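Remarks on the structure that follows.
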Amino acid sequence: MNRKRITALAAILAVSTLFTGCNSGFLVESGALAGFNVQESLGIEFPAEAFDFGELSEPAPEKSEKLPNYSESTKRSFKMRTVEKMSVYNSIGDKTPVKSVASGAVVTLTETDDPDWMKVTSSADIELGYTNEGFLKAIDSGCETYAELPIEYGRARNRDSVYVDAYSHLVDISKYLRVYYSTNVSNEGIDLSQYDVKVSMKLSTSDTSIGQPFYTRNLCMLQYDTLQLLIKAIKRFKRDGYTVVIYDAYRPTSVQQKWFDVVKVHKWVANPSIGMGGVHDRGTAIDMSLIDKDGNELEMPTPMHTFTEESARTNEEMSDTARANMDYMTSVMVSCGFTYINSEWWHFQDRNTQNYLPTDHPIDDIPLVPSEKAY
C-alpha cells in the first residue's frame, strides 16, 4: 500500500484505537496497534474497492500571511528612526564607514540580497549607502521616543570651590510632560491647552550669538528633581491661563565653554572654569518665558538671550507691562523652589544646584529609547 493510501487509512484507524482486536480481517502489522483487527473491532466489512483511492492529489499549500510592507516584486522598506548613531558604508561588506546617521534621524531601511545589510535612504530620499546595524539602532518611526542617560556619580565644585559629592539624573522632560516642540515663534493654529509646555531650544537654531546652531536636536533635559519643581510651576501657570516656553535647559559643558568663548562675559554666559562653573551644564537651569491663551508670548524686558544691560531685572527703562509680567513669572518660579539672577530676566535655577554634576553629553548623540510615558 503506498503512502497516500496509508495516510487515508490512518484516519480510520484513529477512530478504532479504543477497541481490542482478534485473528482475522484487516490487521495492523506494525506500531502500537500491531495485530489489531480493524474489521472485526468495528463490526463492519471493508470491500476491496474501499481501498481503491485512485490518484490522490497533494493538498493545496496554505496561504502564508504576508508581512507589513510586503511586495512580490521589490525588497521591503521600513521607515525608521535611529535610536543610536548608525554607521553607513559605501558598499555591502565594507569595513570602514564613510558617514553616520545621527541619533533621532528618520531614515528608510530597504532590504538587500544580503540579510545582514540594508540600504539607507534619508528622509529627503537621498541614498546614503548601506548599514549592517539596521534594526539594532532604529525603531518604527511612528513610535514616540525620549532621550535617556544613566545616573552618574562623582565630585563637583560647590560655591566655595570645594569639591563635594554630587550626582546627575538627567531626564528628557517629554517622558513626563506633554511637549509641543517648535522653534517657530508663532503658535498660530496650535491648541496649546493640549500641551504642558512648549520646547523651543534656541541653541539648536541659527539664532545664536555665533550665528549657527550649537547642536541640531530640539531636546530639553533637566535633572529629575529640578523637573519636579518645574511641573509645580507649570500647573500654576496653566491655572492662570499661561503656557511655559523653554528656550534653554541642559547645556553640555563643551557648549557652555564654546559659548563663553564668544560672549566672554561671565554674568551672561558662565565661565565653566570659575567657581561652580555653569549651572546649565548641571541640568538645573532653564531659560523661559510665557505664552498666553491666544498663543502670544507675554511682553518681557527684551527678546530672549539679549546680552545687554536692558535684560537685567534692575533695568529702569522696561515698560510697566514687561515688569509686571517678569515679576509675575518670577513669583511663581520662586514659590516652586527656583531662584534667579539679576542680569537675565529669563533665567531660573534649582536652589540645590551644587548637589549635581556638570556633564558633557553631546545633545545630538544622546541615545533615544521607545517611550513609556510616566505621566
Next item on the list: Select from segment 249-282 the residues that are within 16 Å of Trp346 (Cα to Cα), within 24 Å of the chain's Cα centre (by Cα) and modelled with pLDDT under 95 and list them in ascending order.
Entry: Arg251, His280
Note to self: Show the residue pairs meeting these rules: Cβ distance below 7 Å; 6+ apart or different chains; first residue within segment 157-168 and free of Cβ contacts under 8 Å to residues at least 12 places away in the same chain and in a strand (DSSP E or B); second residue surrounded by 14 or more Cβ atoms within 10 Å (Cβ to Cβ) and aliphatic (A, V, I, L, M).
What the structure shows: Tyr163/Ala156
Checklist line | Qualifying residues in segment 169-201 (those that are of a type outside the set (A, V, I, L, M) and outside any loop (DSSP other than H, G, I, E, B)) - the one surrounded by the fewest Cβ atoms within 10 Å (Cβ to Cβ) | finding: Gln194
Check: Just for segment 212-244: of the residues that are within 14 Å of Val255 (Cα to Cα) and without any contact (Cβ under 8 Å) to a residue 12 or more places away in the chain, which one is surrounded by the fewest Cβ atoms within 10 Å (Cβ to Cβ)?
Finding: Gln212
Note to self: Here are the criteria: (1) part of a loop (DSSP other than H, G, I, E, B); (2) farther than 26 Å from Lys175 by Cβ. Tell me which single one Pro358 does not satisfy.
What the structure shows: (2)
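The values are calculated or read from the model by the stated rules, or taken from the named source; none is laboratory data. All of these numbers come straight from a predicted model, not from anything done at the bench. Ideal geometry is used to build each Cβ from the backbone, glycine not excepted, and the neighbour counts take in all protein chains shown.
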